[in-house]
Amino acid sequence: MNEQNLIREGIVCLLHMDPDMAVLPPARCDNGCNHTCYQSGCDIIVVGTHTGSAGSLHCLSQIVRRFAEARVLLIIRKEQASLTGEAIRIGAKGVVSLDIPGHILRKAVRTIAEGGSFIEPWLAQTISETPYRHTSNPFDSLSPREQAVLHMILSGANSGCIAENLHISQKTVANHHTHIMSKLGVKNMVELLRMAMRHNLIQAFN
């Protein structure tokens with residue numbers, strides 16, 4: 001049995017510890033992302049990075065593009081922390097590392113299955129410290145932490161939920177919200193949603 005099989009079976013065993021969680025048989029996409037990655041009615045898809053960073057992000061983007069209703073949790077290796085911001089931008093509802101305790105993994109799965117978002121705290125801290133690029137896309141002017149907050153706002157999360165998932169205060173969430181609106185030059189949520197729709201963020205995140 002190779003390492004990936006051990007990891008896969010370990011994750012399945014952890015999820016089976018919650019009796020109300022039903023785990024479908026693992027799927028492999030050897031020839032690119034296909035319909036075996038998603039089955040109608042499932043609450044969450046867990047995607048690993050055994051295919052490498054490029055492969056996992058491509059798989060994530062294909063799932064989100066083909067199945068707009070899909071909720072995806074990406075599990076990465078600790079050294080792949082830099083993938084977090086891009087995964088959230090593409091449309092992942094959550095990102096955790098293989099080092100995460102089992103009960104936190106189950107909490108992440110449950111949170112996302114119920115319509116929320118979950119970023120492992122140290123990964124959120126990592127992306128908040130990553131310099132952002134200035135491009136023609138107005139959303140790229142946001143810092144990684146602001147992008148994480150924006151993602152949760154667009155997913156329908158309230159300030160309390162955002163604060164809990166990112167392990168920050170609700171006042172800090174409010175400050176991020178203010179900075180996001182200021183940087184984007186919008187005055188209210190209607191304008192923010194219109195801008196997000198023009199740049200396909202609503203489709204990517206929801």
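The values are calculated or read from the model by the stated rules, or taken from the named source; none is laboratory data. Nothing here was measured: the structure is a model prediction, and the numbers come from that model. In this analysis, Cβ positions are derived from the backbone assuming ideal geometry, glycine residues included, and neighbour counts consider all displayed protein chains. With ligands, DNA and RNA removed, areas are computed over all heavy atoms of the protein, side chains included. Shrake-Rupley method; radii C 1.70, N 1.55, O 1.52, S 1.80 Å.
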Checked pairs for the range 164-185, first under 17 Å from N137 (Cβ atoms), second assigned to a helix (DSSP H, G or I) and at pLDDT 90 or above, C-beta under 8 Å and 6 or more apart or across chains, list as I180/V149; I180/L150
| task | Restrict the check to the range 140-155 and report whether at least one residue is exposed (fewer than 12 other Cβ atoms within 10 Å of the Cβ), modelled with pLDDT under 85 and either touching a Lys or Arg at 6+ places or on another chain (Cβ under 7 Å) or of a type in the set (G, A, S) (or both). | result | no
Of (1) at positive phi; (2) touching a Cys at 6+ places or on another chain (Cβ under 8 Å), H58 satisfies every one except (1)
Taking N200, is it at positive phi, open to solvent by 30 Å² or more (accessible area, probe 1.4 Å) and not small (G, A, S)?
yes
Of (1) aliphatic (A, V, I, L, M); (2) assigned to a helix (DSSP H, G or I); (3) touching a residue at least 24 places away in the same chain (Cβ under 8 Å), L74 fails just (2)
Note: among V186, V190, just one is assigned to a loop (DSSP other than H, G, I, E, B) and farther than 14 Å from G116 by Cβ, namely V186
The correct count of residues that are of a type in the set (D, E, K, R), touching a helix residue (DSSP H, G or I) at 6+ places or on another chain (Cβ under 7 Å) and either open to solvent by 70 Å² or more (accessible area, probe 1.4 Å) or at pLDDT below 85 (or both) in the range 87-138 is 3
Might you check whether a residue that is over 19 Å from A196 (Cα atoms) and modelled with pLDDT under 85 occurs anywhere in the range 167-178?
no
Taking the range 62-90 and keeping residues under 10 Å from the mean Cα position of the chain (by Cα) and among the basic types (K, R) leaves R71, R89
